[in-house]
Amino acid sequence: MAPKVSTVEATLAELATRSHGVVTRVQLLRAGITGDEIRHRLSLGALLREHGGIYRVGHRAPSVEARYLAAVWACGDGAVLSGRAAAYLWGILKGAAPPPEVTAPSEHRIKGVTTHRARHIERTTHRGIPITTVPRTLVDLAAHLPLDALARACHEAGVKHHTTPAQVEAVLSKRPRVKGAKRLRAVTSGDVQVTLSELERRFQKRLEEAGLPLPQTNKRAHGRRVDCRWPDHRLTVELDSYRYHRSRHAWEQDRRREREARARGDEFRRYTHGDVVESPRLMIAELCALLR
C-alpha cells in the first residue's frame, strides 16, 4: 500500500501547487484518486473542505488567493471573482481583504460568498484566478464606493494597469442602466473635484496656510489628467511621489506631461514629497510669485 499512498500524496501536491493549494473533487477523481481515498484524507485533515466539492490541501497555509479561488470554483463554470474582492486582488482597493464576491452566468448560493448573476462578463485571469477585467471591476464598484474611494480606485487602475477612461466607457456602453454609471463617468472625465493622495492633501494644506488659491485637482486638461491646475493663472503642478514615479514608464510620462503643459501655454512646476512636507519654504515662495 505504501507506493499507492505515496502516489496519492504526490498527486495532491502536484495539483495543489498549480492552484494556491485548492483542488476540486472532480480534479481528484480524474487524477485517479478514489472517493474512499478522498474521505480518508478529509478525516485526517490532509484535505480541508472549503465548499461542496472544493478542498484545500491541509499542508498548505491558507491564503487570500486560496479563499478567492475556492469561492470561484464553487460557483461553477464561467464564474469569476468580482466586486470588492476583485478590486483588492488587482491592487486598486486598499485595506483588509474583503470577503469573496463572485459573478457567474447562473445563480448560486454559497455560504460565505456574495454572489451575482450576469450573462455577459468581461473576464480575464490574474494570479491564477478567473476575475473581472479592471474596467469591469471599476464599473461593478461604482454603485458601492464613496466618490473619493471610487476616484482613488480609478487612479490606482490607471497607474498599475494603464486602464483608460475609454476602456471603462466600453464596458459602460454595454450596461447603460448599471447603477453608479453617472458617478463613474464623472470621475473618469475629471468632473469631480477629488484629492487622491496624502501628498496632495498636504500640498493643499500648505496652500491654505499661505493664503494661496486652491487648484483644480485631478481634472483633465487636453485629454490628460493632471494633479493640480490653476486655469486662470495658466499654471500646472505635478506632485511626484517615489511610489508612482520610480519606473522608466513613469519617467517618460512625466516628461510628456511637462511638454503638454507648456504646449497649452501653462507654466509648469514639479514638486516632490521633500518639497511639500520637509522643506516647503522655497516651493511656497515660488507659488506666491506665480499665483499672486
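The values are calculated or read from the model by the stated rules, or taken from the named source; none is laboratory data. Fair warning: this is a prediction, and the values are worked out from it, not measured in the lab. All Cβ positions, glycine included, derive from the backbone under ideal geometry; neighbour counts span all protein chains shown. The area values use the complete protein model at the heavy-atom level, side chains included, leaving out ligands, DNA and RNA. Shrake-Rupley method; radii C 1.70, N 1.55, O 1.52, S 1.80 Å.
Of the candidates Pro130, Pro176, Pro135, the single residue that is of a type outside the set (Asp, Glu) and surrounded by fewer than 19 Cβ atoms within 10 Å (Cβ to Cβ) is Pro176.
When region 110-122 is limited to residues that are touching a residue at least 40 places away in the same chain (Cβ under 8 Å) and farther than 17 Å from Ala74 by Cβ, the one that is surrounded by the most Cβ atoms within 10 Å (Cβ to Cβ) turns out to be Glu122. Any chance region 34-42 includes a residue that's surrounded by fewer than 20 Cβ atoms within 10 Å (Cβ to Cβ), assigned to a loop (DSSP other than H, G, I, E, B) and among the hydrophobic types (A, V, I, L, M, F, W, C)? No, region 34-42 contains no residue that is surrounded by fewer than 20 Cβ atoms within 10 Å (Cβ to Cβ), assigned to a loop (DSSP other than H, G, I, E, B) and among the hydrophobic types (A, V, I, L, M, F, W, C).
If I ask for residues that are part of a loop (DSSP other than H, G, I, E, B), out of contact with any Phe, Trp or Tyr (no Cβ under 7 Å at 6 or more places or on another chain) and among the aliphatic types (A, V, I, L, M), which ones from region 72-98 would you list? Within region 72-98, Ala79, Ile92, Leu93, Ala96 meet the criteria. Every test in (1) in contact (Cβ under 8 Å) with a residue 24 or more places away in the chain; (2) open to solvent by less than 30 Å² (accessible area, probe 1.4 Å); (3) hydrophobic (A, V, I, L, M, F, W, C); (4) under 25 Å from Glu50 (Cα atoms) is passed by Ala97 save one, and that test is (2). Residue count for region 208-258, restricted to those that are surrounded by fewer than 16 Cβ atoms within 10 Å (Cβ to Cβ), touching a Phe, Trp or Tyr at 6+ places or on another chain (Cβ under 9 Å) and at pLDDT 90 or above: 2. In region 61-84, the qualifying residues are those that are of a type outside the set (Ser, Thr, Tyr) and touching a helix residue (DSSP H, G or I) at 6+ places or on another chain (Cβ under 6 Å), and the one that is farthest from Leu141 (Cα to Cα) is Ala79. With respect to Thr17, is the statement that it is part of a helix (DSSP H, G or I), open to solvent by 20 Å² or more (accessible area, probe 1.4 Å) and under 16 Å from Gly128 (Cβ atoms) true? Spelling it out, Thr17 is indeed part of a helix (DSSP H, G or I), open to solvent by 20 Å² or more (accessible area, probe 1.4 Å) and under 16 Å from Gly128 (Cβ atoms). The C-beta contact set for region 63-87 (first residue closer than 18 Å to Glu50 by Cβ and among the charged types (D, E, K, R), second residue modelled with pLDDT under 95 and open to solvent by 10 Å² or more (accessible area, probe 1.4 Å), distance under 6 angstrom, 6+ apart or interchain) comprises Glu65/His20. Residues in region 265-284 that are more than 11 Å from Ser241 (Cβ to Cβ) and outside any helix (DSSP H, G or I): Gly265, Asp266, Glu267, Phe268, Arg269, Arg270, Ser279, Pro280.
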